[in-house]
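Beneath this line is the structure, given in structure tokens, with notes to follow.
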Amino acid sequence: MARETKELSFVQHLWREDEASRLDCLNRLVYRSNKLGQDLTLTNTGGGNTSSKLTERDPLTEESVQVLWVKGSGGDLRTATRGSFASLYLDKIRRNMRSHFRENP
């Protein structure tokens, strides 16, 4: 089935599936962030936040874990690289949050 592409009135359609499809999950997040940052109708120069929850292999245990990759404020989306993203183990965050709320009702 052919996919229909709509014309957008204000937002630029910068995504190129042929480019994105060749990338691994984290590099797709970087690509998406760069494309969002290039459209100044969406993002202020020098800022913007993006994130994605990805399943990764823990380098120490070899187990599959959920990792939240976050590009926070203070860096430009259109020039973000893999190094612009912090990685957070979701199971540890959830465990710490549950513990915190049990101790501080």
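The packing ranking of peptides 49-57, 86-94, highest mean first, is 49-57, 86-94, where packing means the average number of other beta carbon atoms within 10 angstrom of each residue.
Determine, for Trp15, Trp69, the number of other Cβ atoms within 10 Å of each Cβ, and report the residues in order from fewest to most.
Trp15, Trp69
Which value, in debye to the nearest 20, describes the size of the charge dipole of the chain about its Cα centre when Lys and Arg Cβ atoms bear +1, Asp and Glu Cβ atoms bear -1, and nothing else is charged? Mind showing how you got there, number by number?
Numbers: 17 positive and 14 negative charges, 55 e Å.
Its charge dipole is roughly 260 debye.
Relative protection proxy for 25-38, 71-84, from highest mean packing down: 25-38, 71-84 (other beta-carbon atoms within 10 angstrom). Applying 1/(1 + (r/R0)^6) with R0 = 35 Å to the Cβ-Cβ distance of Glu103 and Thr55 gives a FRET efficiency near 0.70.
Measuring r between the beta carbons of Ser21 and Leu90 and using R0 = 22 Å, the FRET efficiency lands at 0.25.
Taking the C-alpha atoms only, the angle from helix 25-38 to the longest principal axis of the chain is near 50 degrees. Placing one equal scatterer on every Cα of segment 17-105 and applying the Debye formula, the log10 ratio I(q)/I(0) at q = 0.23, 0.24, 0.26 Å⁻¹ is -1.07, -1.12, -1.21.
Every number in this text was worked out from the coordinates using simple rules, so none of it is lab data. Worth saying up front: this structure is predicted, and the values here are computed from it rather than measured. FYI the Cβ positions are ideal-geometry reconstructions off the backbone, even for glycines, and counts take in every protein chain you see.
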